[in-house]
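Laboratory data are not the source of any read-out in this text; all were calculated from the coordinates shown. These numbers come from a predicted model, not from an experiment. Every residue, glycine as well, gets a Cβ built from its backbone with ideal geometry; the counts of neighbours run over all protein chains shown.
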């Protein structure tokens with residue numbers, strides 16, 4: 001269920017944006033399934049995975065399709081397009097449910113995960129997913145710019161995860177996360193702290209860019225796009241906090257700072 005859940009969470013994050021401006025969503029191998037790729041395309045964007053073992057990845061084409069001899073060894077003409085046509089209305093209905101919020105992408109992918117093999121809707125969407133994965137691999141192999149951009153986006157996501165690991169180095173005890181809502185609260189708190197760090201970094205980076213702009217020092221836009229606010233060199237996460245308690249002792253501990261009077265008066 002690992003692939004289905006992670007793919008569902010990634011897709012849900014895009015679907016629930018106020019405006020569907022994202023045309024591509026990059027995920028790592030563990031966040032990819034053929035069903036997820038097909039569902040994402042119906043939702044209006046492409047799932048772009050970084051796949052392991054590319055040499056063993058086959059290219060799927062429709063049954064009966066003539067395949068050039070140069071790539072015949074890597075192609076499998078097994079995609080049943082008639083199955084997709086027969087269940088197209090059900091696939092559209094499932095997509096509409098996710099878009100309208102009646103079903104989450106996580107729930108949809110859990111329902112039609114690998115355990116659903118044999119289900120006609122699952123099989124139909126997997127057929128589409130294999131076709132889409134073949135088109136993706138064709139772009140990946142021949143388009144170097146696309147390959148570099150995908151790698152950059154995936155590295156950016158891993159940098160955010162590394163930032164969260166740096167912020168919280170301990171372990172969540174069972175008492176802190178017994179129920180799903182408690183686990184969600186812990187994850188949300190960590191995300192909030194990571195966002196605070198990235199917001200502070202962004203502010204400092206923008207200040208540097210503004211100073212350079214005032215000196216008419218031009219920074220190429222493509223270079224700025226490669227800079228991420230996830231670095232920690234300028235932040236002391238394990239520093240010592242010093243509070244001038246002595247300045248506020250009379251307010252914090254009035255009984256300790258009140259004038260002493262003798263019992264004899």
*With springs only between Cα atoms under 10 Å, which of 39, 51, 150 fluctuates most in a Gaussian network model of the chain?*
51
*For the chain, built as a Gaussian network whose Cα springs stay under 10 Å, the top-fluctuating residue of 145, 175, 185*: 175
_Against the 2.2 N^0.38 Å scaling, with N counting residues, where does the stretch 170-236 land? I'd like the Cα-based Rg ratio to two decimal places._
1.64
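Let's test the formula: R0 of 22 Å, r as the Cβ-Cβ distance of residue 75 and residue 142. What FRET efficiency results, to the nearest 0.05? Mind showing how you got there, number by number?
Values: r = 16 Å, r/R0 = 0.71.
Taking R0 as 22 Å, the efficiency between residue 75 and residue 142 is 0.90.
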*Hey, what angle do you get for helix 180-214 against the long axis of the chain, alpha-carbon based, 0 to 90 degrees rounded to 10?*
80
*Using label points projected 7 Å from each Cα along Cα→Cβ, tell me how many nm separate residue 241 and residue 216, to one decimal.*
4.7
_I need 146, 136 ordered by Cβ neighbour count within 10 Å, fewest first._
146, 136
*Sites residue 227 and residue 107 - FRET efficiency at Förster radius 41 Å, r taken between beta-carbons, to 0.05*: 0.65
*Which residue, 240, 197, 153, has the most motion in a Gaussian network model of the chain that connects Cα atoms within less than 10 Å?*
240
*Against the longest principal axis of the chain, how steep is helix 120-142, in degrees 0 to 90 to the nearest 10, with axes from Cα atoms?*
80
*Hey, what angle do you get for helix 144-167 against the long axis of the chain, alpha-carbon based, 0 to 90 degrees rounded to 10?*
30
*Separation between Cα centres of the stretch 154-203 and the stretch 100-131, rounded to whole Å*: 30
_Using a Debye calculation, one point per C-alpha and no hydration shell, please list log10 I(q)/I(0) for the chain at q = 0.10 Å⁻¹ in order._
-0.71
*So between residue 66 and residue 204, what do we pick up on full extension, going 0.36 nm a residue minus the alpha carbon distance?*
44.0 nm
*Can you put 134, 95 in order, fewest other beta carbons within 10 Å first?*
134, 95
*Would you order 61, 67 from fewest to most other beta-carbon atoms within 10 Å of each residue's own beta-carbon?*
67, 61
